[in-house]
């Protein structure tokens, strides 16, 4: 193929790519909560102050959603995401100052400008079934940094989640457009009905309508499918609502009432149970239906979002979980501690904070190797989830340090017993290739006082007790304690 043909093909590909982007009606659109939630999740998971969802137009870069930044547009020439869409794998630039493409970039030269960038392309399928990169999900930091394999996988998963959300949004808009214009286009009703049913199947979506008194309820075939019911007579409103658990039923009823009073459409996600007893997650959109200026009922869309919701939960769970031990990490612990302190002060209930530090963990790593050290950390994670602790909140705070929040009334009355039993459980042998050592741990435990409101002060109080206990333990060993312990 000649250079001229290559240029011609590249121009045609770019033209189709931009057309696919414009067909989605995402450019210059208002904020949408699913995309805002997605970039917040990206920033939280990857630990960056800024996360963006961008759309790459022919000459500009539109920021659809931003966490720690602003929505709007910048020139395509200075946007890193214009390079991201050229790659299938995530684009990671650990130090923008050393990348020849960006050393003169105004986004990098600015005061506290960008120094780190990581992005993954977001794709969409056009009406010809061709897949195009339309933008990216990316994170930015003002200091150079690296991104490990887990971070790259998370970025790829987030891009996939964005693609699923874009496709569902597009299908939902198509379904709503068809539903609201069907009565005015009787001549093409049959064709539109086929397209609408295809859109329903593609997006696991259906449309619904109810009169103001809920005596007349209409469903499309897609709603029957989500309910797990054969297409046929629509059940009465009371029966239809019974498929929602009580808390979800209350939320939906409140939304209908608020929309009737204010005229503001609603868009919610709630739990749902099918006719076969399968738990699902559904999205319900609704708004008032007018006839010549008179409100006659509600119309809306009903969508099964179980898979997307499960993916989002898994991503959030991985962001809060220590990958080695399977218990919570430091970020999740800080949030849990803040909430527990608020509950304790509000309700007047007791709260214990226990900090655990492994004794001689470095010696185990140095003598038996890091594999044995990892085995010790996993074992400690299991110990801190023992049934006798009655679902106390356990977390690995970093290295060989762990934390435990205890709220059970029976346990909070016996801090000395908890400390002694934990230290006994934390003392266990670890061996490799004929070498054996004893793993042990020290516990510092303290109760939340009424005048303690700062997390830092509460942790400092427990840390002080832990430090004193470790000093006492070292003193005991020097006086002839168990010399076989890893110290």
Checklist line | Identity of the residue in segment 49-78, outside any strand (DSSP E or B) and out of contact with any helix residue (DSSP H, G or I) (no Cβ under 8 Å at 6 or more places or on another chain), that ends up farthest from residue 165 (Cα to Cα) | finding: 77
Next item on the list: Output yes when any residue across segment 231-242 is closer than 28 Å to residue 127 by Cβ, surrounded by 17 or more Cβ atoms within 10 Å (Cβ to Cβ) and either touching a strand residue (DSSP E or B) at 6+ places or on another chain (Cβ under 9 Å) or at pLDDT below 85 (or both), and no when none is.
Entry: no
Next item on the list: Test residue 340 against the criterion of being surrounded by 13 or more Cβ atoms within 10 Å (Cβ to Cβ), within 20 Å of residue 413 (Cβ to Cβ) and assigned by TED's automatic domain parsing to the domain that holds residue 445, and give yes or no.
Entry: yes
Item checked: Matching residues, segment 18-42, being over 24 Å from residue 58 (Cβ atoms) and either surrounded by 14 or more Cβ atoms within 10 Å (Cβ to Cβ) or more than 16 Å from the chain's Cα centre (by Cα) (or both) -> 34, 36, 37, 38, 40, 41, 42
Check: Assuming residue 79 fulfils every condition listed in (1) within 19 Å of residue 124 (Cβ to Cβ); (2) over 27 Å from the mean Cα position of the chain (by Cα); (3) surrounded by 15 or more Cβ atoms within 10 Å (Cβ to Cβ) apart from one, which condition is it?
Finding: (2)
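Results for (1) in the same structural domain as residue 440 (by TED's automatic domain parsing); (2) more than 21 Å from residue 453 (Cα to Cα); (3) modelled with pLDDT of 95 or more, shown as yes or no for each residue.
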| position | (1), (2), (3) |
| --- | --- |
| 328 | yes, yes, no |
| 354 | yes, no, yes |
| 369 | yes, yes, no |
| 372 | yes, yes, no |
| 402 | yes, yes, yes |
Next item on the list: Inspect all residues belonging to segment 213-234 and state whether any of them is farther than 17 Å from residue 279 by Cα, out of contact with any helix residue (DSSP H, G or I) (no Cβ under 9 Å at 6 or more places or on another chain), assigned to a helix (DSSP H, G or I) and in the same structural domain as residue 296 (by TED's automatic domain parsing).
Entry: no
Next item on the list: Would you check if residue 430 is over 15 Å from residue 361 (Cα atoms), buried (at least 18 other Cβ atoms within 10 Å of the Cβ) and either over 33 Å from the mean Cα position of the chain (by Cα) or outside the structural domain of residue 375 (by TED's automatic domain parsing) (or both)?
Entry: no
Check: Out of all the residues in segment 278-293, is one or more loosely packed, with under 14 Cβ neighbours inside 10 Å, closer than 23 Å to residue 396 by Cα and at pLDDT below 95?
Finding: no
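The values are calculated or read from the model by the stated rules, or taken from the named source; none is laboratory data. Only a predicted model underlies this, so the values are computations on that prediction, with no experimental measurement involved. In this analysis, Cβ positions are derived from the backbone assuming ideal geometry, glycine residues included, and neighbour counts consider all displayed protein chains.
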